[in-house]
Amino acid sequence: MEYGEATVEIHKDAIKPASRVLLVDDLVATGGTMLAGVELIRRSGGNIVEACAVLEFTDLEGGKKIRANNVPLFTLLQNDGSM
Ligand SMILES: O=P(O)(O)OC[C@H]1O[C@H](OP(=O)(O)OP(=O)(O)O)[C@H](O)[C@@H]1O
Ligand SMILES: Nc1ncnc2[nH]cnc12
């Protein structure tokens, strides 16, 4: 997602209506992957209670975009530089 295009899919029945969802990934870089997950979960009728990741590259501002979409995001480590 960071440098091109990718597809994120979910099973139609993966999220029961009004489910409380915790969205977990290892890394937030541009935020594209997590935002695709947010959209899929919300379209499926789920409520995202919180999202979390081990590492956030703050220079890419993906975390900012996720939080701007009303998703409380917790990241364990933040690095200002994306390797
Ligand atoms: O915030 P983004 O810019 O979307 O990047 C974060 C995503 O990139 C990595 O996945 P990747 O697609 O590289 O596959 P991988 O998990 O198999 O390494 C990582 O696991 C996240 O899911
Ligand atoms: N900048 C990055 N470094 C390492 N893994 C990644 N996955 C997505 N973006 C990445």
Completion exercise
Condition set polar (S, T, N, Q) and modelled with pLDDT of 95 or more, scope the stretch 48-83, selection surrounded by the fewest Cβ atoms within 10 Å (Cβ to Cβ): answer is ASN70
Practice task
Would you please list the contacts, defined by Cβ atoms under 8 Å and residues six or more apart or on different chains, that run from a residue in the stretch 61-75 that is among the polar types (S, T, N, Q) to a residue that is part of a helix (DSSP H, G or I)?
Solution key: ASN69/LEU35; ASN69/VAL38; THR75/GLY63
Fill in the blank from the handout: For GLY4, the lone unmet condition from (1) exposed (fewer than 13 other Cβ atoms within 10 Å of the Cβ); (2) over 11 Å from the mean Cα position of the chain (by Cα); (3) at pLDDT 95 or above is (3)
Exercise for the section: Sort through ASP59, ASP80, ASP13, ASP26 and tell me the only one that's at negative phi, of a type outside the set (S, T, N, Q) and within 11 Å of ligand 1 (Cβ to nearest atom). Expected result: ASP26
Fill in the blank from the handout: For the stretch 14-41, the count of residues that are over 12 Å from the mean Cα position of the chain (by Cα) and under 21 Å from THR75 (Cβ atoms) equals 1
Completion exercise
Of those in the stretch 15-35 that are modelled with pLDDT of 95 or more, out of contact with any Asp or Glu (no Cβ under 8 Å at 6 or more places or on another chain) and part of a loop (DSSP other than H, G, I, E, B), the residue surrounded by the fewest Cβ atoms within 10 Å (Cβ to Cβ) is SER19
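The values are calculated or read from the model by the stated rules, or taken from the named source; none is laboratory data. This is a predicted model, so every value here is computed, not measured. Using ideal geometry, Cβ is built from the backbone for each residue, glycine included, and neighbour counts are taken over all protein chains shown.
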